[in-house]
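These notes concern the structure reproduced below.
The values are calculated or read from the model by the stated rules, or taken from the named source; none is laboratory data. Nothing here was measured: the structure is a model prediction, and the numbers come from that model. All Cβ positions, glycine included, derive from the backbone under ideal geometry; neighbour counts span all protein chains shown. Areas reflect the complete protein model, heavy atoms only, side chains present, ligands, DNA and RNA absent. Shrake-Rupley method; radii C 1.70, N 1.55, O 1.52, S 1.80 Å.
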Amino acid sequence: MAAITAPAYRSFPIIPALIPGAMEGAGPYVSSDKINEAVGFPGHLVDDWHDKAIAKMGDLLSKYRSLKVYMDACVHCGACSDKCHYFIGTQDPKNMPVARQDLMRSVYRRYFTLPGKLFPKLVGARDLTKEVLDEWHNYFHQCSECRRCSVFCPYGIDTAEVTMAAREILDSVGYSQKYSIEIIGKVHRIGNNLGLPAPALRDTLEGLEEDVKDATGIDVRFPMDVHGAEVLLVTPSADFFAEPHIDSLIGYAKVFHATGTSWTLSSMSSEAGNFGMFIGNYDQLRTIALRIRQAALELGVKRIVVGECGHAWRVAYSFWNTLSGVGDGADPNDRFAQMLQKQLDHRYRQPTHICEFTWDMIENERLVFDKSLNDKYIITFHDSCNVARGSSMGGYPGGQFEIPRNIIKAVANNYYDMDPSTTHERTFCCGGGGGLLTDDLMEVRVKGALPRMEVLHHVAEDHGVNFMACICAICKAQFTKILPVYGFDRRVVGGVHQLVSNAIKLGVK
Amino acid sequence: MNTLLAIFFYLSTLVFVVGLLARIRTYANTPAPLKIPTTPAPTTTGGVVLRMTREVVFFESLFKANLWTWALGWLFHFSMLLVVLRHLRYFTDPVWEWVALIQPFGMYAGITMLLGLMGLLGRRLLVERIRYISTPSDHLMLVLFIGIAASGLLMKFAVNPDVIGVKSFFLGLMHLTIQPLPTSYLLYAHLSLVCTLMVIFPVSKLLHAPGVFFSPTRNQTDNPREKRHIAAWAAKMESEK
Ligand code: HEM
Ligand code: SF4
Ligand code: SF4
């Protein structure tokens, strides 16, 4: 892996020339029989994969309006073609969003449209061959489902929806991606993506209590499975042991401590992440989300708060109400959702992002900070794609951009934004999202990080920025690995609540 | 020739209307199980209407994406809109007042439409990325539009067939009678190309016109926490267990 080097920064962001086939064969490992079967997928490529795949495609076309409309509507205008970080970093034309969609659209046209059946060459339709399937496996795993392309498409065509559908078809014929399926298996078996069993988790939390006590002299608790707590905190499992994630977990605990909030983690649902979304599988997405519903019901909590994780927040904010009833406004006859919604306290938004929680407390003057404790940092903020383009905060458009920045400015003195063409809804993915955070995709990850690294480099040169805050476990893990490849220190990345943790004064109010 | 064209017109109109309605019905009946609006997403229905209006009238997203494509595309579409409206004079008697009013603009719109189309074709041929993603049908589609626009303009500025005759032909069609059509090969070509366009419409990328209104990333309100959104097929999973 050491052989992978960073592509050169572009001196100004010109659109790169095409290098056809550049990333052929750079795709991920194929899942093994054992891993597939553990989650109920066929172990390996089934004999009648062709018919099964086409049938699955028909099924998805009838279930998802997004897919149906997006297969038809693209005019090949090319507006999206230069918007993908993987295209910019790899120059492989099949990493242009429209070309990625066309890998599937060509098959759609062949089997589901009249012109494609009659004149395949004319409309760019093609049979579903094994080569095509291989190409899907390769290039639909070089998309992080970040939806940047969708912002710029005149019809909002969302390549993420196409990627999810393609992955679902691949899974249904036994041709899955090892990394994502393995992780989903762990969630079902153990309760979190990292496979941390409850006793290990308990040990970790006790260790953290001691560490915080040593550092601050104050008994900040990290409670687990407390019945009747007000808040259930669901956070990505990386927060329990990975660096720099753990510093944000300490930050959440300090905020809860300082505001006198009774809270708990759950050993059963010790994972906010939901890889069901990455593979586009509604069943998996739902089953994984139901663990949190179950934990909330069993513990009798009034609020559900979600930690710093991008795709988890998209799932929580946009999908939980649909999947598991965590939210508000269910039909009075909707017994499934009402069962939980009656229990939750609707003076608060359900679910709540930890940044919404903290910002609320800051606004209500329930927290005190010594900003100078963050003075060694000159900070910028990386908008994580799923938070930026798949969710919101604060109940108003754009809250997901303002609230984390507000928090940073409340706890630190030095803040600079990066180039506006790469922030807010135009933000670039870290390069490791959407189920790509695995070593077998390292080349894709390094190259895909190029656009973000370029602008980070600019603010580092212009303003001396030495800390890039974000609110996503995947971003943190990806940048920790990738920053050194681009010549930065890996500790340049960290969480927003890590900064909160540095500056918060405990035992004052 | 007038009988042949009359039949072609009836058939292609039928294909166009039935095909398009069927497609729209499929879109409307296919559920959108999850909330997937893209940022900046409005939180109210009024906001969604505004957003959609901006998309359809100004091509807002395209504007953000690429100024050249936006300028050429917008020029083409709004010129085309004017041109189509101008053609209403062949179908109304007496001609509606506002249709009469826009006649002079419609004339220039024919020229700007052609310019826009040439620009789009140039882009398709010259820009490496766009050439890479283009299929033969993408080029032919532009050629078809250019054919329609060019034949129309030639009639306007060079050959001048008898427009009164054309009008009586179309009024006739509307009353299910076949009236004579002035003899002009250019006119025949113009009308056949338009019929071809109508036939192609419901099975081609021209479906972007109805499609944009059904795109979940653009037409959903961003209120997933406030209101439970669930598709019928997904709700079934809940009653099963
Ligand atoms: C709701 C109405 C419509 C909207 C919002 C819309 C929007 C767009 C946009 C944004 C593009 C991409 C930019 C470009 O290449 O021009 C496009 C392309 C195109 N549109 Fe439309 N359109 C609409 C209706 C129509 C109709 C009714 C037709 C034809 C009868 C049409 C024909 C085309 C063609 C041929 C292209 C491709 C141009 C190319 O190949 O570069 N559009 N449309
Ligand atoms: S969703 Fe993101 S990664 Fe996928 S094609 Fe679009 S821009 Fe690229
Ligand atoms: S911007 Fe949209 S319509 Fe244009 S090529 Fe990309 S996906 Fe197709």
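In deg cm²/dmol and to the nearest 500, what is the mean residue ellipticity at 222 nm of chain B if only DSSP H runs of at least 4 residues count, each as -39500 (n - 2.57), divided by the residue total? Working shown, then result.
On the way: 12 runs with 171 residues, N = 241.
Counting only the DSSP helices, I get -23000 deg cm²/dmol.
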Original post:
Rounded to a whole number of µm²/s, how large is the Stokes-Einstein D of segment B:145-241 at 20 °C and 1.002 mPa s, given Rh as the Kirkwood radius over C-alpha pairs?
Top reply: 118
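With a 1.4 Å probe and every protein chain left in place, work out the accessible area per residue of the protein assembly as shown in Å², rounded to a whole number.
Numbers: 28970 Å² over 750 residues.
Ligands and nucleic acids excluded, the figure is 39 Å² per residue.
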Original post:
What's the average, rounded to a whole number, of partner chain beta-carbon atoms within 10 Å of each residue's beta-carbon in B:65-73?
Top reply: 4
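So what is the relative contact order for chain A, in percent, with contacts set as C-alpha pairs under 8 Å and at least six apart? Show your work: numbers first, answer last.
Values: 944 pairs, mean separation 89.2, N = 509.
Over chain A, the number comes to 18 percent.
Please arrange A:Thr163, B:Thr53 by accessible surface area, largest first, computed with a 1.4 Å probe and ligands excluded.
On the way: A:Thr163 0, B:Thr53 70 Å².
Highest to lowest solvent-accessible surface, that is B:Thr53, A:Thr163.
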**OP:** Take the Cα atoms of segment A:368-503, find their three principal axes, and give me the spread along each one in whole Å, biggest first.
**Re:** 45, 34, 25
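With a sphere of radius 11 Å drawn around the Cβ of B:Arg131, what net charge do the other residues whose Cβ falls strictly inside it have (Lys, Arg +1; Asp, Glu -1)?
Working: positive: B:Arg123, B:Arg124, B:Arg129; negative: B:Glu128, B:Asp138.
That works out to +1.
Take peptide A:322-328, look around each residue's Cβ out to 10 angstrom, count Cβ atoms belonging to other protein chains, and average those counts.
Across the residues of A:322-328, the mean count of other-chain Cβ atoms within 10 Å is 5.
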Original post:
Residue by residue, what Karplus-based ³J(HN,Hα) values in Hz, rounded to whole numbers, does segment A:496-504 have, using 6.51, -1.76 and 1.60 with θ = phi - 60° and x for Gly and Pro?
Top reply: 5, 6, 5, 5, 4, 4, 4, 9, 5
Subject >> Overall dimensions of chain B as given by Cα atoms, namely Rg and Dmax in Å >> reply: 21.6, 73
Subject >> Where the Cα pairs of the protein assembly as shown fall when distances are cut into 10 Å bins, in % >> reply: 3, 13, 23, 24, 17, 10, 6, 3, 1, 0
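Determine the sum of side-chain charges near A:Glu308: Lys and Arg each +1, Asp and Glu each -1, restricted to other residues whose C-beta is under 15 angstrom from that of A:Glu308.
On the way: positive: A:Lys254, A:Arg314, A:Arg405, A:Lys476; negative: A:Asp239, A:Glu243, A:Asp247, A:Glu271, A:Glu356, A:Asp383.
For residues surrounding A:Glu308, the net value is -2.
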**OP:** Compute the distance in nm between two label points, each set 7 Å from the Cα along the Cα-to-Cβ direction, one at A:His457 and one at B:Met1.
**Re:** 6.5
Subject >> Simple spin-label estimate for A:Asp134 and A:Tyr111 in nanometres, 7 Å along Cα-Cβ >> reply: 2.0
**OP:** Let me have the 222 nm mean residue ellipticity of chain A computed from DSSP H runs of 4+ only, each contributing -39500 (n - 2.57), with the sum over all residues rounded to the nearest 500.
**Re:** -13500 deg cm²/dmol
**OP:** Mind jotting down the distance between the C-alpha centroids of segment A:51-94 and segment A:217-266, whole Å?
**Re:** 40
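D for segment A:38-176, whole µm²/s, Stokes-Einstein with Kirkwood Rh over alpha-carbon pairs at 4 °C and 1.567 mPa s: what number? Kindly include the intermediate steps, with their values, before the conclusion.
On the way: Rh = 15.2 Å.
In µm²/s, the coefficient rounds to 85.
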**OP:** Just read off the accessible area of A:Lys371 with the full protein assembly in place, 1.4 Å probe, to the nearest 10 Å².
**Re:** 70
Original post:
In nm, to one decimal, how far is the A:Ser372 label point from the B:Phe105 one, both placed 7 Å along Cα→Cβ?
Top reply: 6.6
Original post:
Can you list residues whose amide H is under 5 Å from A:Tyr415's amide H, if they're 5+ apart or on another chain and H is modeled 1.01 Å from N?
Top reply: A:Ile379
Subject >> Inter-chain shielding of A:155-166 (mean C-beta neighbours from other protein chains, 10 Å cut-off) >> reply: 4
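Remind me, what semi-axes does segment A:193-292 give for its equivalent ellipsoid, largest first in whole Å, using sqrt of 5 times each Cα gyration tensor eigenvalue? Write out the running numbers ahead of the final one.
Working: eigenvalues 135, 43, 27 Å².
Working through the eigenvalues yields semi-axes of 26, 15, 12 Å.
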**OP:** Using Cα centres only, tell me the gap between segment A:298-362 and segment A:23-50 in whole Å.
**Re:** 35
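In whole percent, and with a 1.4 Å probe on the protein chains, what portion of the accessible area of segment A:368-503 is carbon and sulfur? Don't skip to the end; give the middle numbers.
On the way: 1840 of 3890 Å².
About 47 percent, which is the carbon plus sulfur part of the accessible surface.
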Original post:
In a solvent-free Debye calculation with one equal scatterer on each Cα, what is log10 I(q)/I(0) for segment A:429-509 at q = 0.14, 0.17, 0.19, 0.22 Å⁻¹, listed in the order of the q values?
Top reply: -0.49, -0.68, -0.80, -1.01
**OP:** Subtract the Cα-Cα distance of B:Trp233 and B:Phe91 from 0.36 nm times their separation in residues, and report this length gain in nm to one decimal.
**Re:** 46.5 nm
Subject >> Paramagnetic reach from B:Leu115 in segment B:75-92 [backbone N under 12 Å; point 7 Å along Cα→Cβ] >> reply: B:75-76, B:79
Original post:
So, with a 1.4 angstrom probe, what is the percent of accessible area on segment A:38-176 that is carbon and sulfur?
Top reply: 57
